[in-house]
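Peer 1: Quick one: the structure is below, questions incoming.
The values are calculated or read from the model by the stated rules, or taken from the named source; none is laboratory data. Nothing here was measured: the structure is a model prediction, and the numbers come from that model. Neighbour counts are summed over all protein chains in view; Cβ atoms, including those assigned to glycine, are modelled from backbone coordinates with ideal geometry.
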Amino acid sequence: MKRFLFIFVALISVSRLQAQRIFYVSPSGNDASANPSNINTPWRTFAKACSTATAGDKVYFRGGTYNETYINFPNSGNANQYIEFLNYANEEPIFDGNAAAAYFVLISSKNYVRIKGFHFKNLTGSAWGIKIEGTSHHLELKKCKFSQFYASPNAGFNPFVVCGSHSTTSINAIVVDSCSIFDCRTGVSEALTFVGNVDGFLASNNHINNTGNIGIVAAGYYNWCNNSASNSQARNGIIRGNLVENCKSPIALAAGIYVDGGKNIVVEQNTCRNSQRGFQINCENQFSVVNAAAEKVIIRNNLAYNNSRGGIGLGGCKETSWCKNGRIKDCWIINNTCVNNYNSSVLEPSETSPQDYGELNLDYSENCTIRNNIFYSSISGRSKLLNSWQPAAQFVIGLSADYNIWHSTFTNNPHFMIEKRDSYGLQNFKTNESKDQNSRSSNPLFQDVASANFRLSSESSPAYDFSDHSSVATDSAGSKDLAGKTRVKNFRPDAGAYEYQCPTNDIVIDIPLTYKTYLFETNGRIIVNKSVDPAVKVVFNAKKSVLFQNGAILPSTTKIETKNTGCSN
């Protein structure tokens, strides 16, 4: 009986899977085609494909220009069979809005859909390119492009927005990967937005360039998307491996990557450059939600350089017309590298003279941690590394800061400002503020600052093997550095975004080896060209050793494969 039941249940499960159909769409096609499964008789529009495709179907779009907007998805796939809209091999379907005040795609309370390889361009007004809303889940957007989205004056235009608009049921399992958003004017909006009741998302390997405001945001407490105070935060998301550059607002300071009222967000392995601010945690809370907070956000293994007004900003603004008493709690800034994030030759919005926000800018925060970072400046005439802009009352509450590298090539006594109090030189800052007691004021010895190579040059770097190696700090730093290399776990990770890389060259040993300790360091091979006495002990970087036991004679040209445990792979 049990065997019969198993077979019966299995047959029911199989019956739910629909036969996969393949369709084609082309700008020269016809929506009345009787056989769109033939590449030579395709449909013409995205709308026709959306209205027809069901679970398991694949729709291939041929290259060319489609003049089509207001595309609404009526169907969903299922957990075993996504609906897939894909570019045909090596061809690019371009959706051109002809500068209309419109949108391209709306996905409302749909699920299990994948879009890949499309280029959306040329819309003007106040809307969006693609919007996901309602209770949607398991949606993927990959290798798509967005360009020439131009907001009307004093308005906003989101090229891509995920808006969790339902008061109780969240949007979840959203993936935006390897997309490009470039050459836009988004006004008061962002290029890639997660806002409202969104619980679980991944934004990875995207390139945001020249969009006129914030690059990527995970936001909460905005009633244009969701006015439920208890379910209006983007949360449990990962922002990883993105490049954000040249994103500058004409009306305010824009961060490349911004967590604005989000919760449980990990921001890791990203690079933000040539914008106004690299990374920022804030909670604008424009509609004064009680106890609104950005909390448990981790910014780790990131690089910010050549931004005009700071590398990383931690803390909320208070009592302004656009920012109402938002809180920042229990956040971590760990193992990041910030370099030369100031440009005195430009005036940013609302400035009458250039304002230096330091490499790290602190505003209102509670119980946050800053560990294992490198804050570096080689800008002539500039001394400030740490800055605060709040009133002179206590507002950096419960801050734990330590094991950071602070260095200015311009002065031996860089400027630290916190809560409007000034200290010159790290030692004075330690004494005055009881912060950064184990931190160092030393040149981290990057490989080449001029070419933006901020990897450590050698084991002689003060950042090498320098960090808080407590379990909570090591775990918070993550398992991979900015380059995707393994963070050293059993010994101390290096400070900054990059783990030092051991040499990969082979080491050839020509001398006879006798009983003693030999020290070698390489991720390549150790080639022994002489016989080895059985009692020889070969030690790799003094942290991992191999003892050749009695009676073992290694012949000439023995090759010993070794991995150095003190460096990243």
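Peer 1: Select from region 403-437 the residues that are touching a residue at least 40 places away in the same chain (Cβ under 8 Å) and in a helix (DSSP H, G or I) and list them in ascending order.
Peer 2: PHE429
Peer 1: If you don't mind, another one. For region 125-154, which residues satisfy the criterion of being on the phi > 0 side of the Ramachandran plot and outside any strand (DSSP E or B)? Please lay out each step first, then the result.
Peer 2: Here is the first cut: in region 125-154, the ones on the phi > 0 side of the Ramachandran plot are 125, 134, 138, 143, 148, 154.
Answer for region 125-154, where residues must be on the phi > 0 side of the Ramachandran plot and outside any strand (DSSP E or B): GLY134, LYS143, ASN154.
Peer 1: Look through ASP468, ASP436, ASP475 and report the one residue that is closer than 21 Å to GLN269 by Cβ and either crowded, with 18+ Cβ neighbours inside 10 Å or at pLDDT 95 or above (or both).
Peer 2: After ruling out the rest, the residue left standing is ASP468.
Peer 1: Right, something else. Given the options ASN111, ASN197, name the one that is at negative phi, surrounded by 18 or more Cβ atoms within 10 Å (Cβ to Cβ), touching a helix residue (DSSP H, G or I) at 6+ places or on another chain (Cβ under 6 Å) and touching a residue at least 12 places away in the same chain (Cβ under 8 Å).
Peer 2: Numbers: ASN111 fails: touching a helix residue (DSSP H, G or I) at 6+ places or on another chain (Cβ under 6 Å).
Checking each option against the conditions leaves just ASN197.
Peer 1: Right, next: State all residues of region 155-193 that are of a type in the set (D, E, K, R), part of a loop (DSSP other than H, G, I, E, B) and under 18 Å from LEU141 (Cβ atoms); if no residue qualifies, say none.
Peer 2: GLU190
Peer 1: A further question on this structure: Given the criteria in contact (Cβ under 8 Å) with a residue 12 or more places away in the chain, closer than 30 Å to ALA229 by Cβ and either among the hydrophobic types (A, V, I, L, M, F, W, C) or assigned by TED's automatic domain parsing to the domain that holds TYR70 (or both), does HIS137 qualify?
Peer 2: Criteria met by HIS137.
Peer 1: Filter region 428-475 for residues that are within 13 Å of ALA495 (Cα to Cα) and of a type in the set (Asp, Glu) and give the result.
Peer 2: Within region 428-475, GLU459, ASP465, ASP468 qualify.
Peer 1: In region 400-421, what residues are out of contact with any Ser or Thr (no Cβ under 7 Å at 6 or more places or on another chain) and at pLDDT 95 or above? Show your work before the answer.
Peer 2: Here is the first cut: in region 400-421, the residues out of contact with any Ser or Thr (no Cβ under 7 Å at 6 or more places or on another chain) are 401, 412-413, 421.
ALA401, ASN412, ASN413, listed by residue number.
Residue by residue, here is whether (1) outside any strand (DSSP E or B); (2) free of Cβ contacts under 8 Å to residues at least 60 places away in the same chain; (3) buried (at least 20 other Cβ atoms within 10 Å of the Cβ); (4) in the same structural domain as VAL449 (by TED's automatic domain parsing) holds:
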position: LEU202; (1), (2), (3), (4): no, yes, no, no
position: ILE214; (1), (2), (3), (4): yes, yes, yes, no
position: ASN226; (1), (2), (3), (4): yes, no, yes, no
position: SER275; (1), (2), (3), (4): yes, no, yes, yes
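Peer 1: Run down ASN343, ASN361, ASN367, ASN336 and say which single residue is in the same structural domain as ASP436 (by TED's automatic domain parsing) and within 19 Å of LEU482 (Cβ to Cβ).
Peer 2: On inspection, the qualifying residue turns out to be ASN336.
Peer 1: Ok, one more. Is region 49-56 home to any residue that is free of Cβ contacts under 8 Å to residues at least 40 places away in the same chain and in contact with a helix residue (DSSP H, G or I) (Cβ under 9 Å, 6 or more places away or on another chain)? Steps first, please.
Peer 2: Let us first name the residues in region 49-56 that are free of Cβ contacts under 8 Å to residues at least 40 places away in the same chain, namely 49-54, 56.
So of that shortlist, the ones also in contact with a helix residue (DSSP H, G or I) (Cβ under 9 Å, 6 or more places away or on another chain) come out as none.
No, that holds for no residue.
Peer 1: Give the residue that is nearest to HIS137 (Cα to Cα), with candidates limited to residues of region 95-122 that are of a type in the set (Gly, Ala, Ser) and out of contact with any Gly (no Cβ under 6 Å at 6 or more places or on another chain).
Peer 2: GLY117
Peer 1: Now for a separate question. Here are SER423, SER457: which of them is in the same structural domain as PRO354 (by TED's automatic domain parsing), out of contact with any helix residue (DSSP H, G or I) (no Cβ under 6 Å at 6 or more places or on another chain) and surrounded by 13 or more Cβ atoms within 10 Å (Cβ to Cβ)? First the steps, then the outcome.
Peer 2: Values: SER423 fails: out of contact with any helix residue (DSSP H, G or I) (no Cβ under 6 Å at 6 or more places or on another chain).
When all the criteria are applied, what remains is SER457.
Peer 1: For region 18-28, check the following and say yes or no: at least one residue is in the same structural domain as SER170 (by TED's automatic domain parsing), surrounded by fewer than 12 Cβ atoms within 10 Å (Cβ to Cβ) and at pLDDT below 95.
Peer 2: Checking region 18-28: at least one residue is in the same structural domain as SER170 (by TED's automatic domain parsing), surrounded by fewer than 12 Cβ atoms within 10 Å (Cβ to Cβ) and at pLDDT below 95.
Peer 1: Those residues that are touching a Cys at 6+ places or on another chain (Cβ under 9 Å) and not in a loop (DSSP other than H, G, I, E, B), I need them from region 279-294; list them, please.
Peer 2: At the first step, the residues of region 279-294 found to be touching a Cys at 6+ places or on another chain (Cβ under 9 Å) are 279, 281-286, 292-294.
Selection gives PHE279, ILE281, ASN282, ALA293, ALA294.
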